[in-house]
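Accompanying notes for the structure given below.
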Amino acid sequence: MKEIQINELTDFKIGHAQDEKGGTGCTVILCEKGAVAGVDVRGGGPATRETDLLNPKNMVEQIHAVTLAGGSAFGLEASCGVMAYLSEHKIGFDMKGIYIPIVSGACLFDCSVADPKAYPTKKMGYQACQNASHELSKQGCIGAGTGASVGKFLGFDKAMKTGLGHAAFQVGDVMVAAIVAVNACGDVYFENSEKPIAGIYDYPKKKRLSTLDVMFENQPIEESCGMNTTIGCILTNAKLTKAQTNKIASMAHNGYARTIRPVHTSSDGDTIFAMASQQVEAQPDVVGALAAKAMAKAIENACLYATPMYGLTTYSEICKQPTKRGARP
């Protein structure tokens, strides 16, 4: 296994658009030739689009894009802009001259960081498609990660800033990547460790707190505890069926569990999509294992590349680590 760059999966394009003043944005993952896709929703408060059709029992075999967005349920509008862009470029199913692209999506809640009325619009989704390319995507406070934060169990004033991250690995000819916007109720840790990256932060005392410890002490839950959700997508060049791709999305949630505590809570809408471009033969469990590894690394990067914004600090600021490196200290 070797680590690679996400843009080495050349069947996919990634684009971002954001409103930094409003504290929101969206990220699109395009597969213009179509990708077999699956999804697994684990959180108790999801905001999603076109997930039922990814069930293997349903007819559609391919999708053309996944939209990850802020804005809670309002952010689902961004996918309409993605549809408009793809249809204009004759990408989708040709139905008597009308091109109908299939766009799945999910949203996180970032309405508390700046302007509570700001959300990713149809125009922003269209712009993200215009910005999509095969170039290496930026990480941190961009796209769907613009307004992302974690550690909100005691209220937003004790949260830390996170963002969007990605990572990719390869075994033989099989490539698997993950891209994720981290906006969890819980804390983020380095994979399979007790070393925290981001979570509840007591700003006056300059001290990090454990969300689990706070929960177990039966501290009151503030309203902002519902302002969460981590959303991501797995990309692979493997040849997979719909059932197998759904399983990959399920296995990728292991990456959430290795880095976020607690995870999949009732106030999170944790969702992972998976897209397979059908290029190389692969053993599904190998793809799933790589997906979990890539997702865990992408979650770390979403926090390590984040920059202080909206009055929230970051790991790099607390530990005085250069954000641009995004490397594990």
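The values are calculated or read from the model by the stated rules, or taken from the named source; none is laboratory data. Remember, it's a predicted structure, so these values are computed and weren't measured experimentally. Heads up, the Cβs are rebuilt from the backbone with ideal geometry, glycines too, and the neighbour counts pull from every protein chain shown. Please note that ligands, DNA and RNA were not included when accessible areas were found on the heavy atoms of the full protein model with its side chains. Shrake-Rupley method; radii C 1.70, N 1.55, O 1.52, S 1.80 Å.
For this structure, a couple of remarks:
- Filtered residue count, the stretch 278-302, keeping only those that are within 18 Å of Ala243 (Cβ to Cβ) and touching a Phe, Trp or Tyr at 6+ places or on another chain (Cβ under 7 Å): 0
- Selection from the stretch 15-34 of residues that are among the acidic types (Asp, Glu) and more than 18 Å from Val113 (Cα to Cα): Glu32
- Test: residue in the stretch 138-145 that is open to solvent by less than 40 Å² (accessible area, probe 1.4 Å) and over 21 Å from Thr271 (Cα atoms): no
- Selected residue [part of a strand (DSSP E or B) and buried (at least 21 other Cβ atoms within 10 Å of the Cβ)] from Gly43, Gly15: Gly15
- Residue match in the stretch 263-282 (condition: crowded, with 24+ Cβ neighbours inside 10 Å, on the phi < 0 side of the Ramachandran plot, hydroxyl-bearing (Ser, Thr, Tyr) and not in a strand (DSSP E or B)): no
- Filtering the stretch 18-38 to residues that are β-branched (Val, Ile, Thr) and either more than 19 Å from Phe109 (Cβ to Cβ) or open to solvent by 50 Å² or more (accessible area, probe 1.4 Å) (or both) leaves Val28, Ile29, Val36.
- Filter pass, Thr10 being in a strand (DSSP E or B) and of a type in the set (Ser, Thr, Tyr): no
- Within the stretch 89-122, the set of residues being among the charged types (D, E, K, R) and either in contact with a Leu (Cβ under 7 Å, 6 or more places away or on another chain) or within 18 Å of Cys26 (Cβ to Cβ) (or both) comprises Asp110, Asp115, Lys117, Lys122.
- Condition broken by Ala257, with the remaining ones in (1) in a helix (DSSP H, G or I); (2) touching a residue at least 12 places away in the same chain (Cβ under 8 Å); (3) over 24 Å from Lys33 (Cβ atoms); (4) aliphatic (A, V, I, L, M) satisfied: (2)
- Looking only at residues in the stretch 92-110 that are open to solvent by 20 Å² or more (accessible area, probe 1.4 Å) and not charged (D, E, K, R), the one that is nearest to the chain's Cα centre (by Cα) is Phe109.
- Screening the stretch 86-199 for strands (runs of 3 or more DSSP E) wholly inside it with 3 or more residues that are at pLDDT 95 or above returns the ranges 103-107, 164-171, 174-181, 187-189, 196-198.
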